[in-house]
Structure formats: structure tokens, C-alpha cells
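The values are calculated or read from the model by the stated rules, or taken from the named source; none is laboratory data. Bear in mind that the values here come from a model prediction, so they are computed numbers and not experimental data. All Cβ positions, even for glycine, are placed from backbone atoms using ideal geometry, and neighbour counts span all protein chains on display. When the accessible area is computed, the model is the full protein with side chains, heavy atoms only, and any ligands, DNA or RNA have been set aside. Shrake-Rupley method; radii C 1.70, N 1.55, O 1.52, S 1.80 Å.
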2 protein chains.
Amino acid sequence: MAPRKMIDASAPAEGGGIALAEDVSAGPGREDPLFINSLAKGLGVLKAFDGDWDALGLREIAARSSISMGAAQRITHTLVRLGYLRKDDRTRRYRLSARMLDFAYHYLHASPLYEVAIPFVASARDDCRETVNVAELDGPEVVAVIRMPSQRRMNPTSTIGRRLPAFCTAGGRAQLAWLPQDELADILDRTDFQPRTPRTITDRAEVERRLEIAQREGFALVDEEVNLGEIAVAAPILDGNGRPLAAVGVSTSTAHWTVEAARERLAPVVMETARRISRSLRGWKPF
Amino acid sequence: MAPRKMIDASAPAEGGGIALAEDVSAGPGREDPLFINSLAKGLGVLKAFDGDWDALGLREIAARSSISMGAAQRITHTLVRLGYLRKDDRTRRYRLSARMLDFAYHYLHASPLYEVAIPFVASARDDCRETVNVAELDGPEVVAVIRMPSQRRMNPTSTIGRRLPAFCTAGGRAQLAWLPQDELADILDRTDFQPRTPRTITDRAEVERRLEIAQREGFALVDEEVNLGEIAVAAPILDGNGRPLAAVGVSTSTAHWTVEAARERLAPVVMETARRISRSLRGWKPF
DNA sequence: ACGCTCTTATCGCAATGCGATAACTAATTT
DNA sequence: AAATTAGTTATCGCATTGCGATAAGAGCGT
């Protein structure tokens, strides 16, 4: 009964709109007759398996997704039946099944980006022996789409699907810098300039200045703004109209690289890699 | 006129029967009061974005997931609102959003396997300069969980989330071979021994013999049974009780490797890598 | 053994999501 | 261009579907 309300950031897409996660439980009929509540709840449950907590019990699922236990019961039952959740009959706890990766598979195969980029990314990683990644912009965030880690273990192993704010990441800035003015402004309007480290630039004007520099230089460089001890460089993958589709980036450690070294030896690699991928993609028009 | 009847008695409104590859519903729509149909349909729509087709229109979505257009309308609306689908207002078509990768992220972070394995896999790939992967068993199939491709472009670029039959893949056999007898039998019972190439072993007894050999040798070797021109070697990652959690595998091309060379130079790598990962995982008990 | 907590099963009700249809808009044909 | 068509959005009344509460059942700890 703890009235804890876990508002999850579910709907960053549309600007206005109603706070949907808010009234899911105590919901009086809302004014959106097309919105299917059970679907939202179901996906909410899938999202509840967030932290590195292991198997969840029914009660905890209900609490985390702020739904009634009856709903949790029905939803878990359905998800188990569909194969997305697995249940340990002994402990009566649930955990995600490998079928969750189906979604990633479908997504990655819905665009040629993945397949085309892989060999170039592999080659780039071998050239500089550092972690290379490809990230897409999704609203004010970037999402890791490809990740080829170096042997060195990085701080928080960034995984496919990881989301980070665009304004302070190299991949994010590399895409923001090539965006049309109005779209950029729209995204920055929606951005929460929260510092991730003491070195994160939180001033919008200053970020915009960095974007101009990135545009001019052809790459974005971020120095310990995301994680202390980490330097990242990224360049945009552009479609035929010069619109950014994603960014190729390299992350490395201040223990082995200086900003100057990165600028000199890493930046050319990401720019060249991004250019090659861009060229291989020509002809395919995203929306 | 009361033509609104519904002869659907014969066609229980099970969620998207056709499009779902698995036996999602042998007939669950029937009497299963806990089964939430709208949730199944919603997930079915997400799955409809399967091939490399690009953006889908409402009509096509409805057809692919075998739901009414009304349902398609409501579901897409909901999914767009939740951020899983993106809509191009000009063409009125939908496509998956990067948010789909959230699921992969949650799944990969629900177990320590991913983080622990990454550096070892990276190191293995650098040792043999071939594609290294980690796959988990999910029923009679294996699912790719980690993929570190070589620079050489492989036939069908295997992606995270890709599913293949366990009985004819190296990663699959490496896990089957270490499974308790009853579980193995259960999985083989459910296996459809369909050949993927002319060289696929489709005789259950012969597959079982190969499993014994794999068990004895410590690794599984598959020669062009999945794709022509491809040799794969894999070894199991075991938990404290000797139960397989996943498998480390290397895929390579017959153009550059012979079976003997793979056995001699690749097998030791996967075995050693699997052993290292296994040891790093001790203490964590999956269910 | 007896509480306790959490999970599974059951039930009656009405809100929710359903399918059909109509209004609309973009793209194609003539 | 006007006319035709394919496809998408909006609306509506109704029964179905999924809802929350409650009761029955399992484990677990003390």
C-alpha cells in the first residue's frame, strides 16, 4: 500500500499529452479512447525488470509497475505464455527470457545500418584497439546500437540499448551538430541539462558553441563529461541529404590517452569510419 | 438486422496466431481467463516488423498480425504514445523506434553473464581474429547474446537476438551435451530436425552421438551444418553445479580454415574462454 | 506446529476495448 | 484537372474482456 509512485519515463515522444503512467492504477477513464491500457501495463511490467535485481516475485512486480496484483497476475501469466517471461516454479519468481532479444533483433534488422556498419566498426576497433560504438539519436537521448569493446574493461560496460543524454555525449553531439536548426532547438528545449560529472557542460549556450565547433571540425570530442576518466570522440553517419542517421564513436580512458592524442589519432579514425559507412548506405532513405 | 453476430466460435480471438513464429497459441484464446488478449496482440504487432521491410502502413500491420484494422489502429496509437513505434506523419507509415532496444538492455543486465563475459570474448576474438559469440539455450533454440565479429563479412551477419535451432549449431550442441538426460530428451522431443544445409545431421541418434563426443572432448564442432562454408566450434559456460548457462563459440569460413585446423587452434580458445568465464561467474546461481 | 507472507484461483460487474461504418486525405487514373 | 481508388482517421453502440476484491492454497521462518 505504500503510495510510492514510480513514474517511469515512458513517453518522451510526444510533447504534450497526458501523463499516462500516472493514472494507470487509480485510473478514471482518461480522454484517449484509442489508448489500450492493458498493453501499456504489460510493457510496463517488462520494464520493471530494470536494475540488476534478479528474479522478481508477483508482489514486487505489482509494486514496481504500480498496478494491482490482479493485473500483475494476469500480465505475468500472459507474458509467460508468450515466452517473454520465465517462471521458476520452485521460487515462484519471474525473470526475463531470452526472447526479449527478439525485439532487438527485429529492430536491428529493420534498417541496413547494422549490417553495413559492422565490418567497418570491427576494422576501426582493430585499428585503434579501443572500444568503438555506434549510437542513434532518439529524442534528447542517444541509444547504443553497436558496441565493440576493447579488451580493457571500461567502467560501466555500456551495452546495446544503453541510453545516455545526447547533450553531453560524443555520439549525441556529433548528431545534434548536423541537425537542422529547428530540430536541434526542439531537442535542446526538451533536454534536462543535468551534470553527470563535475566536468559536464550544463550551459545550453556553451553546448551550442561546442556543436558549432564539432560541425566545423567534423567530429565531437567529449572530455570526462559522461564518466570521469573517459574521453570520447564521435563523427556522424549521414544520409544522402546530410542528415545524421547515427554516430560512430570511440571511448577510451584518460589513463592511456590525452585529449590531444585522441584528437590527433582517434578523430581521424571515427571520421573515416563514419564516412565509409555513410557512403555504403547511400540510396537508402530513412524517414 | 442483427448481422453483428460473430461466428468466431471457431476462431478464438487468440492473439495474432499466424505471424508468431512459435507455437504461441495452439488455442489459448479458448478458456484462459488470465490471458490478456490485447497484450498479446500488441506484442504481435511489434513482431510484425520482421523482415527488412521498411516502414509499414496500418493496413499491412493489420494483415501481418492478423488483427482487425481497428485493433491495429488502437495498438499503433498506443505503441507510438509509449515510444516503441515511430510514425512518419507524411507517409503515415510506422517503424520501430530505438526504444525497442530497451528490452535487450534490461535483459542483458538482468544477469552478470554479459558484463563478465565481454572482456574474455573480446580477448578471444583478438586471439583468433575470427567472429566470437556467446549464445544461450532457449528451449530447442539458441539465441545469440554477444557477438564480436571479425573484420571479414560473414554470410548472414548474425545479430544479437538471432535464433537458430540448437541441434545443429555448435553453441546449441555445446549446451545440450552438458544438460541432464531428461532435459536433453525433452528438448530433442520438441526439436524439428529440419536440415539447413545438405550437410545438416537430421538423425536424432546421430546427433546424440555427436553430443557424447562433444562432452568427452570438451567442445562441439559443427561443419557446414548451419550455413555452407561455415565451421563453428563452441564450449559451454557452466555454473557451479556443472549446468550450462551459455556457450562461447567461434564461427569461421571454410575458405580459411579446415576442420582439423579449427579443432586444433580454435577449440582450445573457446574452451579456455568458456572456462574463464565460468570461473568468474561462480557464486551466482541462475534458476 | 502455527503464524505470516506471498501466490493462485474464482466471481460478478462494468468499464474497456471491440468491429463496423463513415468521414476524410493522399495518391493514381482518365 | 476531375474522378476514382486505396488507405488512414474518427466515431459509436455494445458485448466482451479484463478488472479488483476476496477466498483458498503454498512456503517459510520461528
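If packing is taken as the average number of other Cβ atoms within 10 Å across a peptide's residues, how do A:205-215, A:269-279, B:36-46 rank, most packed first? Each step should come with its number before you reach the end.
Values: A:205-215: 15.8, A:269-279: 20.9, B:36-46: 24.7.
In descending order of packing, they fall as B:36-46, A:269-279, A:205-215.
More than 23 Å apart: what percent of Cα pairs in the stretch A:122-260 qualify? Present the calculation step by step, with values, prior to reporting the outcome.
Details: 2511 of 9591 pairs.
Here the long-distance tail beyond 23 Å is 26 percent of all Cα pairs in the stretch A:122-260.
With only Lys, Arg, Asp and Glu charged, each at its Cβ (+1 for the first two, -1 for the last two), find how big the charge dipole of chain A is about the Cα centre; round to the nearest 20 debye. Before the final figure, lay out each step's value.
Details: 39 positive and 38 negative charges, 247 e Å.
So the dipole magnitude of chain A works out to roughly 1180 debye.
In straight Cα distance, which aspartates and glutamates are under 16 Å from A:Lys47, not counting same-chain residues fewer than 8 positions off?
A:Asp8, A:Glu22, A:Glu60, A:Asp102, B:Asp102
Taking square-rooted eigenvalues a ≥ b ≥ c of the alpha carbon gyration tensor, is the protein assembly as shown rounded, prolate or oblate, where a/c under 1.5 means rounded and, failing that, a/b exceeding b/c means prolate? Show your work: numbers first, answer last.
Values: a/c = 1.57, a/b = 1.01, b/c = 1.55.
It is oblate, given that a/c is not under 1.5 and a/b is not larger than b/c.
Work out the FRET efficiency for A:Asp32 and B:Leu58 from their Cβ-Cβ distance, taking R0 = 22 Å, and round it to the nearest 0.05. Numbers along the way, then the final one.
Working: r = 18 Å, r/R0 = 0.81.
Efficiency computed from Cβ-Cβ geometry: 0.80.
Find the relative contact order for chain A and round it to a whole percent, using C-alpha pairs within less than 8 Å whose residues are 6+ positions apart. Present the calculation step by step, with values, prior to reporting the outcome.
On the way: 422 pairs, mean separation 37.5, N = 287.
RCO, chain A: 13 percent.
What shape does the stretch A:184-287 have by the C-alpha gyration tensor, where a ≥ b ≥ c are the square roots of the eigenvalues, rounded means a/c under 1.5, and otherwise prolate means a/b greater than b/c and oblate the rest? Write out the running numbers ahead of the final one.
On the way: a/c = 2.27, a/b = 1.23, b/c = 1.85.
Here the stretch A:184-287 falls in the oblate category.
Label points 7 Å out from Cα along the Cβ direction at B:Asp182 and B:Met69: separation in nm?
That separation, rounded to one decimal, is 5.3 nm.
Counting only other residues whose beta carbon sits under 11 Å from that of A:Arg95, what net charge do I get with K and R as +1, D and E as -1? Please report the intermediate quantities before stating the final value.
Numbers: positive: A:Arg86, A:Lys87, A:Arg93; negative: A:Asp54, A:Asp88.
Residues close to A:Arg95 contribute a combined charge of +1.
Could you pull the copy-to-copy label distances for B:Arg243, with points set 7 Å along Cα to Cβ, in nm to one decimal and sorted shortest first?
Result, one decimal in nm: 4.9.
State to the nearest 20 debye the size of the charge dipole of the stretch A:111-281 about its Cα centre, where the only charges are +1 on K and R beta carbons and -1 on D and E beta carbons.
So the magnitude is around 520 debye.
Using only Cα atoms, find the angle between the long axis of helix B:37-48 and the longest principal axis of chain B, and express it within 0 to 90 degrees, rounded to the nearest 10.
The two axes meet at around 60 degrees.
Given label points at 7 Å from Cα along Cα→Cβ, what nm distances, shortest first, separate A:Pro268 from the same residue in every other copy?
Here A:Pro268 shows inter-copy label distances of 3.8 nm.
Of A:Leu266, A:Pro236, A:Leu221, whose Cα points farthest to the positive end of the dipole of the stretch A:111-281 (charges on the beta-carbon: +1 Lys, Arg; -1 Asp, Glu; origin at the Cα centre)?
So the residue furthest toward the plus end is A:Leu266.
Which FRET efficiency value, to the nearest 0.05, is calculated for A:Thr254 and B:His256 with the Förster distance at 35 angstrom and r the Cβ-Cβ distance? Let's see the in-between values first.
Numbers: r = 38 Å, r/R0 = 1.10.
Approximately 0.35, to the nearest 0.05.
Could you tell me whether chain B comes out rounded, prolate or oblate from its Cα gyration tensor? Rule is a ≥ b ≥ c as square roots of the eigenvalues, rounded for a/c under 1.5, then prolate if a/b exceeds b/c, otherwise oblate. Walk me through the numbers before you get to the answer.
On the way: a/c = 2.09, a/b = 1.79, b/c = 1.17.
It is prolate, given that a/c is not under 1.5 and a/b is the larger ratio.
State to the nearest 20 debye the size of the charge dipole of the protein assembly as shown about its Cα centre, where the only charges are +1 on K and R beta carbons and -1 on D and E beta carbons.
480
Can you give me the angle between helix B:69-82 and the longest principal axis of chain B, using Cα atoms only, in degrees from 0 to 90, rounded to the nearest 10?
Between helix and principal axis, roughly 60 degrees.
Hey, how many Å between the Cα centroid of the stretch B:83-109 and the Cα centroid of the stretch A:227-271?
26
Given the whole protein assembly as supplied and a 1.4 Å probe, what does the accessible area of B:Trp53 come to in Å², nearest 10?
Accessible area of B:Trp53: about 150 Å².
Measuring from label point to label point, each 7 Å out along Cα→Cβ, what is the A:Val80 to B:Arg282 span in nm?
In this crude label model, A:Val80 to B:Arg282 measures out at 3.4 nm.
Ignore the peptide's own chain and count Cβ atoms of other chains within 10 Å of each Cβ in A:107-119; give me the average, rounded. Mind showing how you got there, number by number?
On the way: counts 14, 9, 10, 11, 4, 2, 0, 3, 5, 2, 0, 10, 7.
Mean shielding by partner chains, rounded to a whole number: 6.
Dipole of the protein assembly as shown (Lys/Arg Cβ +1, Asp/Glu Cβ -1, origin at the Cα centre): which of A:Ala170, A:Ile36, B:Val116 lies farthest to the positive side?
Result: A:Ile36.
So, R0 is 56 Å and r is the distance between the beta-carbons of B:Thr197 and A:Ala205; what FRET efficiency does that work out to, to 0.05? The partial results should precede the final answer.
Details: r = 60 Å, r/R0 = 1.07.
With a Förster radius of 56 Å, E is 0.40.
Report, to the nearest 10°, how far helix A:113-128 tilts away from the longest principal axis of the Cα atoms in chain A, using its own Cα long axis and a range of 0 to 90°.
Helix A:113-128 sits at roughly 50 degrees to that axis.
Using a 1.4 angstrom probe and counting only protein chains, how large is the accessible area of B:Asp189 in Å², to 10?
The value for B:Asp189 is about 100 Å².
Counting only the backbone N, which residues of the stretch A:185-220 are under 14 Å from the spot 7 Å out from the Cα of A:Leu228 toward its beta-carbon?
A:196-200
Looking only at other chains, what is the average number of their beta-carbon atoms within 10 angstrom of each beta-carbon in A:78-85? All intermediate terms of the calculation are to be shown ahead of the outcome.
On the way: counts 11, 4, 1, 9, 14, 7, 4, 0.
That average works out to 6.
Using a 1.4 angstrom probe on the protein heavy atoms only, line up A:His106, A:His256 by accessible area, largest first. Working shown, then result.
On the way: A:His106 15, A:His256 110 Å².
Ranking A:His106, A:His256 by accessible area, largest first, yields A:His256, A:His106.
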